[in-house]
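The structure's right below; bear with me while I get my questions together.
The values are calculated or read from the model by the stated rules, or taken from the named source; none is laboratory data. If you're wondering where the values come from, they're calculated on a predicted model, not measured in any experiment. Quick reminder, even Gly has a Cβ in these numbers, built from the backbone with ideal geometry, and neighbours come from all protein chains shown. Each accessible area value is taken on the protein alone, full model and side chains, heavy atoms only, with ligands, DNA and RNA left out. Shrake-Rupley method; radii C 1.70, N 1.55, O 1.52, S 1.80 Å.
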Amino acid sequence: MIKAVKGTRDILPPSSAVWNHVERIARDVFRAFNYREIRTPILEETALFARGVGEETDIVSKEMYTFEDRDGSSLTLRPEATASVMRAWIEHRLDQIPGLQKLYYIGPMFRRERPQKGRYRQFFQIGAEAIGSESPMVDAEVIQMVVEILNRAGLTGFKLLINSVGHPPCRAAFAAELRERLKEVAPSMCGDCQRRAETNPLRVLDCKVPEDQPIIEELPKISEYLDGPCREHFTVVKTMLDAVGVPYTINERMVRGLDYYTRTTFEFTHGDLGAQSAVLGGGRYDGLSESLDGPKAPGIGFAIGEDRLILALQAEGVKAEEKLDAYIAPLGAGMNPQALKLARELRRAGVKADMGDESFRLKKSFEAAEKAGARYIVIVGENEVASDTLAVKELATGTQEQVPRAELSRHLRR
Ligand code: AMP
């Protein structure tokens, strides 16, 4: 038997209804905040992620699905979408359009991680990017938008963590200090940390090896290296979040595992997710465009891990599948055309309707309606058609009524 590839999943009903629910809400919220959709390819040149996300990140050094195409070029299944959005922004000269570009995307990403609950090799992200402004107001608005999506989706038990990782001058000072301190302690850390201590000391802070954690705890914090403008930026973000009543916790250790972040970084966690507790992550990336040879393009964005958001919603008991409104039961083959016409009429009026299975026995029809989870069964017999009044039975209560055809859709959607 051929099975789905390790780390990939089929999303089946009824769970797919929760996915649709979440995506519908996200699109509504994006619309309300004036974000527009961008769809970028799933395949990109490998260099995009190597340069955008960073050679020394876990994603690029260990987790990408990279292969050689028939013409010898190196291609990669996108592990995230911010680099792709920025590539598209540069390629299509979106900097020529005045004002802030507010873009969102929904789609699959690929990382070759060790699969476990909440961690897959193909997973989905719902993300947004606001490109073209350095203002901390945009940071606060983006975070507010995330909260709006989570609230409207019905999630309650989440927590917002924020930090500032400064801009390149602060990070350079911090990296120099880290490099110095790591000279003493790195030899007793894992192989990755030993290498990163030289190549990209900030990435040592992403290390997940338990034995290294006490050493990392003792390392300096980025917050001590923020200069005046970065401190001021962070203060405004916090003040704005306070103003709109978004609660947050400052986590000075949060550097996030991608090289492009500058200044504000944030994460939302959820208590029911176990080890993979981050529902989403995001932050500012003021130098990303330049690192891809683009013009100056300060931006901020986030990516919700849709798989994890769904797990969290399910853990909180959120269900999204709507019941079937009506099961239409024709009484005999001669009534099939009438039943089909009635079904079309009701469906056009927004009723969720299913049709009988040609057994034409009332008892079987009731059983089928019951199995389909219908709220009502509508019986289509000769008398009903002749009088334009249908027999409608509510399955939960057993109440039967004669309903005029003109009022039927309203009756069924009650
Ligand atoms: P990142 O792009 O690494 O900042 O991740 C953003 C969000 O995507 C995380 O907070 C997770 O919710 C989700 N995510 C990242 N990697 C995976 C994965 N392998 N499986 C499922 N969700 C993931």
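Given (1) within 30 Å of Gly274 (Cβ to Cβ); (2) part of a strand (DSSP E or B); (3) not hydroxyl-bearing (Ser, Thr, Tyr), where does Gly317 come up short, assuming only one miss?
Evaluating Gly317 over (1) within 30 Å of Gly274 (Cβ to Cβ); (2) part of a strand (DSSP E or B); (3) not hydroxyl-bearing (Ser, Thr, Tyr) leaves (2) as the failure.
Go through (1) loosely packed, with under 14 Cβ neighbours inside 10 Å; (2) out of contact with any Asp or Glu (no Cβ under 9 Å at 6 or more places or on another chain) for Pro229 and report which single condition fails.
Checking Pro229 against (1) loosely packed, with under 14 Cβ neighbours inside 10 Å; (2) out of contact with any Asp or Glu (no Cβ under 9 Å at 6 or more places or on another chain), the one that fails is (1).
Moving to a separate point now. Counting residues that are of a type in the set (Lys, Arg), which helices (runs of 4 or more DSSP H) fully inside region 321-414 reach at least 1?
It comes to 336-348, 362-371, 408-413.
Residues of region 269-285 being outside any loop (DSSP other than H, G, I, E, B), within 21 Å of Pro115 (Cα to Cα) and of a type outside the set (Asp, Glu), which ones?
Result: Thr269, His270, Gly271, Leu273, Ala278, Val279, Leu280, Gly281.
Go through the residues of region 55-74 one by one and say whether even a single one is in contact with a helix residue (DSSP H, G or I) (Cβ under 8 Å, 6 or more places away or on another chain), basic (Lys, Arg) and either closer than 26 Å to Met137 by Cβ or within 13 Å of the ligand (Cβ to nearest atom) (or both).
No, the conditions are met nowhere in region 55-74.
With under 29 Å from the mean Cα position of the chain (by Cα), among the charged types (D, E, K, R) and not in a helix (DSSP H, G or I) as the only criterion, which of Lys238, Lys208 stands out?
None of the other options fit; the residue is Lys208.
Got a number for residues in region 220-238 being touching a helix residue (DSSP H, G or I) at 6+ places or on another chain (Cβ under 6 Å) and of a type outside the set (Ser, Thr, Tyr)?
8
Kindly indicate the residue of region 236-259 that is of a type in the set (Ser, Thr, Tyr) and touching a residue at least 12 places away in the same chain (Cβ under 8 Å) and also nearest to Met137 (Cα to Cα) among those meeting that condition.
Only one residue tops the list, namely Tyr248.
Can you find a residue that is of a type outside the set (Gly, Ala, Ser), open to solvent by 30 Å² or more (accessible area, probe 1.4 Å), within 15 Å of Ala349 (Cβ to Cβ) and free of Cβ contacts under 8 Å to residues at least 24 places away in the same chain anywhere in region 393-404?
Checking region 393-404: at least one residue is of a type outside the set (Gly, Ala, Ser), open to solvent by 30 Å² or more (accessible area, probe 1.4 Å), within 15 Å of Ala349 (Cβ to Cβ) and free of Cβ contacts under 8 Å to residues at least 24 places away in the same chain.
Let me ask something additional. Of Val146, Val138, Val204, which residue is open to solvent by less than 40 Å² (accessible area, probe 1.4 Å) and within 14 Å of the ligand (Cβ to nearest atom)?
Values: Val138 fails: within 14 Å of the ligand (Cβ to nearest atom); Val204 fails: within 14 Å of the ligand (Cβ to nearest atom).
None of the other options fit; the residue is Val146.
Now, a different point. Just for region 256-283: of the residues that are away from the ligand (no atom under 12 Å from the Cβ) and among the polar types (S, T, N, Q), which one is farthest from the chain's Cα centre (by Cα)?
Here the answer is Thr262.
Another question about this same structure. From the list Gly154, Gly166, Gly118, pick out the single residue that is within 12 Å of the ligand (Cβ to nearest atom) and surrounded by 16 or more Cβ atoms within 10 Å (Cβ to Cβ).
Gly118
If you don't mind, another one. So Glu129 fits all but one of (1) surrounded by fewer than 21 Cβ atoms within 10 Å (Cβ to Cβ); (2) part of a strand (DSSP E or B); what number is the exception?
(1)
Filter region 70-79 down to the residues that are of a type in the set (Lys, Arg) and either open to solvent by less than 30 Å² (accessible area, probe 1.4 Å) or within 26 Å of Arg119 (Cβ to Cβ) (or both) and list them by number.
Result: Arg78, single match.
Filter region 32-69 for residues that are closer than 16 Å to Glu91 by Cβ and open to solvent by less than 60 Å² (accessible area, probe 1.4 Å); which is modelled with the lowest pLDDT? Steps first, please.
Taking region 32-69 as the starting set, the residues that turn out to be closer than 16 Å to Glu91 by Cβ are 38-41, 43-45, 47-49, 51-52.
From what's left, open to solvent by less than 60 Å² (accessible area, probe 1.4 Å): 38, 40, 44, 47-49, 52.
Details: Ile38: 98, Thr40: 98, Glu44: 98, Ala47: 96, Leu48: 97, Phe49: 96, Gly52: 90.
Out of the qualifying residues, it is Gly52.
Those residues that are of a type in the set (A, V, I, L, M) and open to solvent by 60 Å² or more (accessible area, probe 1.4 Å), I need them from region 350-388; list them, please.
First, the residues of region 350-388 that are of a type in the set (A, V, I, L, M): 351, 353, 355, 362, 368-369, 372, 374, 377-380, 385-386.
Leu362, Ala386 - these are the residues of region 350-388 that are of a type in the set (A, V, I, L, M) and open to solvent by 60 Å² or more (accessible area, probe 1.4 Å).
Looking only at region 122-141, which residues are aliphatic (A, V, I, L, M) and closer than 13 Å to Ala26 by Cα? Step through it out loud before you land on a result.
Step one: of region 122-141, the residues aliphatic (A, V, I, L, M) are 126, 128, 130-131, 137-138, 140.
Once the filter is applied, which keeps residues that are aliphatic (A, V, I, L, M) and closer than 13 Å to Ala26 by Cα, region 122-141 yields Ile126, Ala128.
Continuing with this model, one more query. Going residue by residue through region 4-19, is there one that turns out to be surrounded by 16 or more Cβ atoms within 10 Å (Cβ to Cβ) and among the charged types (D, E, K, R)?
no
Let me ask something else. Modelled with pLDDT of 90 or more, of a type in the set (D, E, K, R) and either surrounded by fewer than 19 Cβ atoms within 10 Å (Cβ to Cβ) or more than 20 Å from Ile59 (Cα to Cα) (or both): does that describe Arg171?
No.
Scanning for something more than 39 Å from the chain's Cα centre (by Cα) and in a helix (DSSP H, G or I), does region 286-309 turn up at least one residue?
Within region 286-309, not a single residue is more than 39 Å from the chain's Cα centre (by Cα) and in a helix (DSSP H, G or I).
State yes or no: is Phe124 closer than 14 Å to Leu292 by Cβ, within 15 Å of the ligand (Cβ to nearest atom), of a type in the set (Phe, Trp, Tyr) and crowded, with 20+ Cβ neighbours inside 10 Å?
no
Can you tell me which condition Gly356 does not meet? The list is (1) within 16 Å of the ligand (Cβ to nearest atom); (2) over 28 Å from the mean Cα position of the chain (by Cα), and all the others hold.
(1)
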